[in-house]
Amino acid sequence: MKRFRSRVLTAAWLRIAALAALPFMAVSSVVAGAAAAEGRELRIICFGAHPDDCELQAAGVAAMWAAKGHKVKFVSVTNGDIGHWRDAGGPLALRRKAEVEAAAKILGITTEVLDVHDGELLPTLENRHALTRLIREWKADIVMGPRPNDYHPDHRYTGVLVQDAAYMVTVPFFCPEVPPLKDNPVFLYYPDSFQKPNPFQPDIAVSIDAVMEKKLDALGVIVSQFAEGGANGSADLLPADPEKQKQRHQQVRDGFARRNQSIADRFRAKLGDWYGKDRASKVKYAEAFEICEYGRRPDKAELSKLFPFFGE
Ligand SMILES: [Zn+2]
């Protein structure tokens, strides 16, 4: 489902778990950084609840990684089959899959949509297995997902499922048919605006100015959700008149530009940590992420290798 309203939240559990997680994190603390230094490609897998969530949150950094030859995969955990005011079921699921495939082509990444009904995702053992397998099969260095306090149940349970996989990806006899990851990936959260029990606190903020047009192009092909308004839209939003359609597409594009501008403004101080105050003040569009306490905890040096964008 589309998510313009920002809600926040989070992080209490994040902090609490830091100490508990240390033993197994220490095992591989420099692996991804070393991999980047060795010139090995980075492998990133991003989870969203619906076919549009990853694109909204991470299309900018995805395009930047892809341009450098790194491998990015977006996974929608549900098929989005109730995410429209007029259409539903199989035909809508197929349409939404085609939309994110078109977006992935623009971004230069891979995409997959799991066949779970929209609005019905649960944190089951079966789904824990599914996400664990996907992370292992992708051999991920970085895993992204929503925080688990989101207003939408599918977003919430996607967050829980990603958390549930964060340790299990390393455990050999959990899903033994897929080899475990020797090195625990870095798990990151997307931003939101929920305040309870605690707000999103960015650890990294990235300028996406260089790829903003590409991100807007990618979001622009997700017509069912944005131009047509998704579950809460109406026929009025995208009328038959070609001129009005053009205006509507531009309105959607402008709205997303403002959305990523507001992320840059909101996390300007964090941009300053990474770019220096002067350069940060000039960043127009940004994406930001918070480190989950359950995966490996990278230091700043490793993060700058995982996000090899700051020297540009
Ligand atoms: Zn959604």
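Brief remarks on what is shown
- Selected from Pro148, Pro191, Pro179 as most flexible by GNM, with the chain as the system and alpha-carbon contacts under 10 Å: Pro179
- According to the Cα-based calculation, Rg over Rh for the chain is 0.95, with Rh computed by the Kirkwood formula.
- For the pair Lys68 and Phe310 in one chain, pulling the backbone fully straight at 0.36 nm per residue adds 85.8 nm over the alpha carbon distance.
- With a threshold of 30 Å on the Cα-Cα distance, the over-threshold entries among Lys246/Lys277; Lys105/Lys196; Lys182/Lys277; Lys182/Lys214; Lys139/Lys215 are Lys246/Lys277; Lys105/Lys196; Lys182/Lys277; Lys182/Lys214.
- Label-to-label distance, Ala235 versus Lys282, with points set 7 angstrom from Cα along the beta-carbon direction: 5.1 nm.
- Looking at the range 109-205, the GluC sites (Glu not before Pro) that sit in a DSSP loop and have at most 15 other Cβ atoms within 10 Å of their own Cβ are Glu120, Glu177.
- Of all aspartates and glutamates in the structure, those lying under 17 Å Cα to Cα from Lys284, and not within fewer than 8 positions of it along the same chain, are Asp209, Glu213, Asp254, Asp265, Asp273, Glu312.
- For the chain, with all protein chains in place and a probe radius of 1.4 Å, 56% of the accessible heavy-atom surface sits on carbon or sulfur.
- Highest-fluctuation residue, Ala240, Ala165, Ala98 considered, GNM on the chain with Cα pairs under 10 Å: Ala240
- Annotation: amide H of Cys46 within the under-5 Å range of Lys73, Phe74, Val75, Met144, sequence separation 5 or more or interchain, hydrogens built in the peptide plane.
- Alpha carbon centroid spacing (whole Å) that separates the range 73-133 from the range 208-265: 20 Å
- Dipole of the chain computed with +1 at Lys/Arg Cβ and -1 at Asp/Glu Cβ about the Cα centre; of Ala104, Gly69, Leu271, farthest Cα towards the positive end is Leu271.
- Seen through its C-alpha gyration tensor, with square-root eigenvalues sorted a ≥ b ≥ c, the range 37-183 comes out oblate because a/c lies at 1.5 or above while a/b is not bigger than b/c.
- Relative contact order of the range 77-166, taken over Cα pairs closer than 8 Å and 6 or more residues apart, is 28 percent.
- Electrostatic dipole magnitude of the range 50-142 [Cβ: Lys, Arg +1; Asp, Glu -1; Cα centre; debye, to 20]: 420 debye
- Highest mobility in the GNM of the chain, judged by mean-square fluctuation with C-alpha springs under 10 Å and restricted to Asp299, Asp53, Asp209, is found for Asp299.
- Cβ-Cβ FRET estimate between Leu114 and Arg40, R0 fixed at 30 Å, reported to 0.05: 0.60
- Dipole magnitude of the range 116-166, debye to nearest 20 (Cβ charges: Lys/Arg +1, Asp/Glu -1, about Cα centre): 220 debye
- In this structure the chain gives 42 Å² per residue of accessible area when probed at 1.4 Å with all protein chains present.
- For the chain, size of Cβ-based charge dipole, Lys and Arg +1, Asp and Glu -1, in debye: 700 debye
- Remark: the Cα gyration tensor places the range 201-308 in the prolate category, a/c being 1.5 or greater and a/b exceeding b/c.
- Extension gain for Leu125-Val178 works out to 17.5 nm (0.36 nm per residue, less the C-alpha to C-alpha distance).
- Estimated [θ] at 222 nm from DSSP helical runs (n ≥ 4, -39500 (n - 2.57)) normalised by residues in the chain, nearest 500: -14000 deg cm²/dmol
- For Cys292, the amide hydrogen comes within under 5 Å of the amide hydrogens of Phe187, Leu188, Tyr189, counting only partners 5 or more places away or on other chains and with H modelled in the peptide plane.
- Distance between the pseudo-spin-label points of Asp299 and Val171 (7 Å out from Cα toward the beta carbon): 3.0 nm.
- The relative contact order of the chain, computed from alpha carbon pairs under 8 Å that lie at least 6 residues apart in sequence, is 27 percent.
The values are calculated or read from the model by the stated rules, or taken from the named source; none is laboratory data. Bear in mind the structure is a predicted one, so any value in this text is a computation, not a measurement. Quick reminder, even Gly has a Cβ in these numbers, built from the backbone with ideal geometry, and neighbours come from all protein chains shown. Heads up: the accessible areas ignore ligands, DNA and RNA and are worked out on the full protein's heavy atoms, side chains in. Shrake-Rupley method; radii C 1.70, N 1.55, O 1.52, S 1.80 Å.
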